[in-house]
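Asks: Sharing a structure, written as structure tokens. Questions coming.
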Amino acid sequence: MQNRPDNMEKANLHERLLELPLFQGMSRNDLELVISNTKFRYLTIQKGKAIVNEGEMCDRFFFLMEGEISSTKCADDNGYCVIEKLNAPDILQPERIFGLIQRYTRTFKTVTECNFICLGKREMLTLSDSYQIFRLNLLNIISTRSQRLTNIPWHTQAKSIRQKIVRFIEERCLRPAGEKTVSIKMERLGHEIGESRLNVSRELNAMHEEGIIELRRSEIHVPALEKLISPTH
């Protein structure tokens, strides 16, 4: 559903845009010009609704301004899925608006009622041409995400079963922190990390007893991934 902001929202748009990395560093005068001359679309999406589905064309930026969303990604054979929670402020896969395949690779849904600001690709290109700081911010975001992916194969190989489990989850998430849920059978997880089902089961139950994960039927719930990545675990 599309909503137009009231006067109070318009007055606050300057501050809200500054919460987003694409607009950080822009002067007040530049931001006022951006707000006056750019076609922003305002969306409120109710709880439990799809925002975009995997495979849909990425032709606009979705800026999450308020609320919580989930991101879901499944293996090519649908043998397992990873779901993670993301909070405002955030941008939905900005790196997918360019490149060889300009489609979303994940399905995003609202966990709570969410407010978005949408910016079309044409408007985004106009801002990039007009404002160097916007262009640099966009390049920094895309470069940072690209560098994170290219660094993954060079990480020190995980040695313990716990390290392998944590690495498996971390490498499949958009953020190395926050709440994650992995829908996977222990046999499949063992196959993915090169361990037996029995050894995987023992380690997962130990982690459950420590309170750092919750085991459910064919599901691993991680309340805070950063606690697993911490050297203390």
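The values are calculated or read from the model by the stated rules, or taken from the named source; none is laboratory data. For clarity, every value in this text was computed on a predicted model and none was experimentally measured. All Cβ positions, glycine included, derive from the backbone under ideal geometry; neighbour counts span all protein chains shown. Ligands, DNA and RNA are excluded from the accessible area calculation, which covers all protein heavy atoms including side chains. Shrake-Rupley method; radii C 1.70, N 1.55, O 1.52, S 1.80 Å.
Asks: Note the angle between two axes, namely the Cα long axis of helix 161-170 and the longest principal axis of the Cα atoms of the chain, as a number of degrees from 0 to 90, rounded to the nearest 10.
Replies: It is inclined by approximately 20 degrees.
Asks: Quick one: pull the percent of accessible area on segment 83-197 belonging to carbon and sulfur, 1.4 Å probe, ligands and nucleic acids left out.
Replies: Of the solvent-accessible surface of segment 83-197, carbon and sulfur hold 52 percent.
Asks: If you don't mind, there's one more thing I want to ask. So which lysines can Lys49 reach, going by Cα to Cα under 29 Å and dropping same-chain residues fewer than 8 places off?
Replies: Here the lysines satisfying the reach criterion relative to Lys49 are Lys10, Lys39, Lys73, Lys85, Lys109, Lys121, Lys180, Lys185.
Asks: List the relative contact order of the chain as a percent without decimals, with contacts defined as Cα pairs under 8 Å and 6+ residues apart.
Replies: 20
Asks: Rounded to the nearest 20 Debye, what is the dipole magnitude of segment 81-164 about its Cα centre when Lys and Arg each give +1 and Asp and Glu each give -1 at the C-beta?
Replies: The calculation lands at about 480 debye.
Asks: In nm², what is the average projected area of the convex hull enclosing the Cα atoms of the chain?
Replies: 14.2
Asks: Distance from the Cα centre of segment 38-85 to that of segment 99-178, in angstrom?
Replies: Answer, in whole Å: 13.
Asks: Can you list the chymotrypsin sites (Phe, Trp or Tyr not before Pro) in segment 118-174 that are in a DSSP coil and have 11 or fewer other beta carbons within 10 angstrom?
Replies: none
Asks: Moving on to the next point. Output needed: Cys residues of the chain lacking any neighbouring Cys C-beta below 4.7 Å, sorted by number.
Replies: Cys58, Cys114, Cys118, Cys173
Asks: From Cα coordinates alone, what are the radius of gyration and Dmax values for segment 11-121 in angstrom?
Replies: 15.0, 51
Asks: While we're on this one: Of all trypsin sites (Lys or Arg not before Pro) in segment 42-114, which ones are in loop regions per DSSP and have a Cβ with at most 16 other Cβ atoms within 10 Å?
Replies: Sites meeting the loop and neighbour criteria: Lys47, Lys49.
Asks: Would you please name the GluC sites (Glu not before Pro) within segment 53-135 that are DSSP coil residues with at most 15 other C-beta atoms within 10 Å of their C-beta?
Replies: Passing both the DSSP loop test and the Cβ count: Glu54, Glu56, Glu113.
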